[in-house]
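Participant: Have a look at this one.
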Amino acid sequence: MNVHDSEKMLGILEKEGYTETDNALEADLIIFNTCSIREKASQKFFSELGRIRSLKRKRPGVRIAVAGCIAQHEGRKILGRAPHVDFIFGPQNLHILKDVASGRAPSISLDENPYIATRDLPAKRGDPVRAWVTIMYGCNNFCSYCIVPFTRGRERSRPSRHIYSEVYELAAKGYKEVTLLGQNVNSYLSDVNFAGLLRMLNRVEGIQRIRFVTSHPKDLSVDLIHAMSELDKVCEHIHLPLQSGSSDVLKLMNRGYTYSDYVERVAELRRIIPDISITSDIIAGFPGEIHSDHLLTIEALKNIEFDGIFAFKFSPRPRTKAALMRNEVPEETKAARLSEILALQDVITLRKNRSIEGTLQEILIEGESETDPEKLMGRTRTNKIVTFSKNGTSQGTFARLQIVKGRTHSLEGIAS
Ligand code: SAM
Ligand code: SF4
């Protein structure tokens, strides 16, 4: 979501005559698009911000803006720590960049923006094949650990016709794949619900793959699973954060489902879409998580067998309920639990990736492999990365590959 916010910022600035540079020394405007989901991201940002101070001394004309969730959360306090900052604006106020460019913007813009869903912003996209499309803003769920509802505000869905037009224009520009973005996409609601939106977008000619992140287990309806199964462009992958295998911890997290509810949904997904890949997020060391809760998470990983996970140590975030909870888990216990979770998942992911050796997979080619310039890389419909030798095929086209090797983080394929 942050990456796409940056694309929107670039889109607005390009219209104002700016061009992009990756050399801070020649920039007229430097924007930090920040993330506050975990404390580490905040710390990194403040040390970067300190480093840029000397640049401002050398070139007083350069303007520095802080955007994103830290901007929203810290607001004016940022000026106390970093008086060299000129503008502070939150994720609901990207549109003010137009005025930043012309020098007319107020220095701090953090208001709730009720019009956010109806105001379409241009985007300068970094990827010529796959595009992000925001379908909704904000979140109403207030999971007890999460800062997002405080920084991105209340949930607001974009009108379906706006989303349809954006996807239609992307298809006209040659994009093959869209990823629909929202904190909780399956609670999307305008004149249609999320399944209805997928049905609309599946009709856009030229778009060949539709993905979405992130889905919330409590809002995963059977109607949506059927829509995913019936619609040819909707890929067989879902990112469905579990967070913990312990129903007690899920309750403390205010997630709105139990472990057995989650398992039922996974069974339904796999019954209706047998080849679906399921990935997830896990938090290790939530306050009050005792050893037996952790073992339930380990059991859950073994039972569910995700295709992959993102796992994080719990990080207390300001204003959230969890930050005030007692029974904090010691840092070294969090780290040990996280390592155990990641090591186990690596074994599971490798086993799953090996199990598709020998199969034929449709790959959308994204470009050169980052690790080997002799190779191209792309993704299966199930969102697994595949690398293969260059063979005359090019970025943005589809290849049919046989998987010859499954590794933990990627697959190796050959043209079939
Ligand atoms: N809306 C999505 C959801 O509900 O899954 C994604 C939210 S968040 C941007 C992505 C992931 O960050 C979450 O699924 C959660 O695992 C993790 N996360 C959020 N707050 C956290 C915290 N305070 N400490 C550790 N991990 C956190
Ligand atoms: Fe945060 Fe929960 Fe909303 Fe996801 S659903 S953004 S974890 S509050």
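The values are calculated or read from the model by the stated rules, or taken from the named source; none is laboratory data. This one's a predicted model, so the numbers in the text were calculated from it and none came from an experiment. Every residue, glycine among them, receives a Cβ derived from its backbone with ideal geometry; neighbour counts consider all protein chains shown. What goes into the accessible areas is simple: the full protein's heavy atoms, side chains included, and nothing from ligands, DNA or RNA. Shrake-Rupley method; radii C 1.70, N 1.55, O 1.52, S 1.80 Å.
Participant: Of the conditions (1) within 16 Å of ligand 1 (Cβ to nearest atom); (2) out of contact with any helix residue (DSSP H, G or I) (no Cβ under 6 Å at 6 or more places or on another chain); (3) open to solvent by 60 Å² or more (accessible area, probe 1.4 Å); (4) assigned to a loop (DSSP other than H, G, I, E, B), V329 fails just one. Which one is it?
Facilitator: Of everything listed in (1) within 16 Å of ligand 1 (Cβ to nearest atom); (2) out of contact with any helix residue (DSSP H, G or I) (no Cβ under 6 Å at 6 or more places or on another chain); (3) open to solvent by 60 Å² or more (accessible area, probe 1.4 Å); (4) assigned to a loop (DSSP other than H, G, I, E, B), V329 misses just condition (3).
Participant: R317 fails exactly one of the following numbered conditions: (1) open to solvent by less than 50 Å² (accessible area, probe 1.4 Å); (2) out of contact with any Gly (no Cβ under 9 Å at 6 or more places or on another chain); (3) in a helix (DSSP H, G or I). What is the number of that condition?
Facilitator: Checking R317 against (1) open to solvent by less than 50 Å² (accessible area, probe 1.4 Å); (2) out of contact with any Gly (no Cβ under 9 Å at 6 or more places or on another chain); (3) in a helix (DSSP H, G or I), the one that fails is (3).
Participant: Tell me yes or no: at least one residue of region 393-410 is of a type outside the set (S, T, Y), open to solvent by 20 Å² or more (accessible area, probe 1.4 Å) and at positive phi.
Facilitator: Filtering region 393-410 for residues of a type outside the set (S, T, Y) gives 395-396, 398-407, 409.
Imposing the further condition that a residue be open to solvent by 20 Å² or more (accessible area, probe 1.4 Å) reduces the set to 395, 398, 400, 402, 404-405, 407, 409.
Those left that are additionally at positive phi: none.
No, the conditions are met nowhere in region 393-410.
Participant: Can I ask one more? Provide a single number: the residues in region 21-53 that are open to solvent by less than 50 Å² (accessible area, probe 1.4 Å), more than 26 Å from P316 (Cα to Cα) and out of contact with any strand residue (DSSP E or B) (no Cβ under 8 Å at 6 or more places or on another chain).
Facilitator: 1
Participant: I would also like to ask the following. Are any residues in region 347-361 open to solvent by less than 70 Å² (accessible area, probe 1.4 Å) and assigned to a helix (DSSP H, G or I), and if so, which ones? Working first, answer last.
Facilitator: As a first pass, look at region 347-361 and keep what is open to solvent by less than 70 Å² (accessible area, probe 1.4 Å): 348-350, 352-353, 356, 358-359, 361.
Those that are open to solvent by less than 70 Å² (accessible area, probe 1.4 Å) and assigned to a helix (DSSP H, G or I): I348, T349, L350, K352, N353.
Participant: Report yes if L342 is farther than 30 Å from R255 by Cβ, in contact with a strand residue (DSSP E or B) (Cβ under 9 Å, 6 or more places away or on another chain) and not polar (S, T, N, Q), otherwise no.
Facilitator: Numbers: farther than 30 Å from R255 by Cβ: no; in contact with a strand residue (DSSP E or B) (Cβ under 9 Å, 6 or more places away or on another chain): yes; not polar (S, T, N, Q): yes.
The answer is no for L342.
Participant: Select, from I348, I283, I356, the only residue that is away from ligand 1 (no atom under 14 Å from the Cβ), at pLDDT 95 or above, within 23 Å of the chain's Cα centre (by Cα) and among the β-branched types (V, I, T). Full working, then the answer.
Facilitator: On the way: I283 fails: away from ligand 1 (no atom under 14 Å from the Cβ); I356 fails: within 23 Å of the chain's Cα centre (by Cα).
Just a single option satisfies the conditions, and that option is I348.
Participant: Among the residues of region 236-282, write down those that are touching a Ser or Thr at 6+ places or on another chain (Cβ under 7 Å) and hydrophobic (A, V, I, L, M, F, W, C).
Facilitator: I238, L240, L242, L250, L252, M253, I272, I273, I282
Participant: Specify the residue that is modelled with the lowest pLDDT; the eligible residues are those in region 119-139 that are of a type in the set (G, A, S) and farther than 16 Å from Q208 by Cα.
Facilitator: Of everything passing the filter in region 119-139, G126 is modelled with the lowest pLDDT.
Participant: Next up: Could you list, in sequence order, the residues of region 362-392 that are open to solvent by less than 40 Å² (accessible area, probe 1.4 Å), assigned to a loop (DSSP other than H, G, I, E, B) and not small (G, A, S)?
Facilitator: T380, T382, K384
Participant: Residue by residue through region 193-220, note down the ones that are under 17 Å from the mean Cα position of the chain (by Cα) and within 16 Å of ligand 1 (Cβ to nearest atom).
Facilitator: Hits for region 193-220 are R211, F212, V213, T214, S215, H216, P217.
Participant: Output the number of the condition that A336 fails; it satisfies all remaining conditions of (1) surrounded by fewer than 14 Cβ atoms within 10 Å (Cβ to Cβ); (2) of a type outside the set (S, T, N, Q); (3) without any contact (Cβ under 8 Å) to a residue 24 or more places away in the chain; (4) closer than 22 Å to L250 by Cα.
Facilitator: Going through (1) surrounded by fewer than 14 Cβ atoms within 10 Å (Cβ to Cβ); (2) of a type outside the set (S, T, N, Q); (3) without any contact (Cβ under 8 Å) to a residue 24 or more places away in the chain; (4) closer than 22 Å to L250 by Cα one by one, A336 breaks only (1).
Participant: Tell me, please, whether a residue that is closer than 21 Å to Y188 by Cα and either away from ligand 2 (no atom under 16 Å from the Cβ) or surrounded by fewer than 20 Cβ atoms within 10 Å (Cβ to Cβ) (or both) can be found in region 282-295.
Facilitator: Within region 282-295, none of the residues are closer than 21 Å to Y188 by Cα and either away from ligand 2 (no atom under 16 Å from the Cβ) or surrounded by fewer than 20 Cβ atoms within 10 Å (Cβ to Cβ) (or both).
Participant: Oh, and also: Residue check, S260 against (1) away from ligand 1 (no atom under 13 Å from the Cβ); (2) buried (at least 20 other Cβ atoms within 10 Å of the Cβ), all met but one. Which one?
Facilitator: Looking at each condition in turn, S260 falls short on (2).
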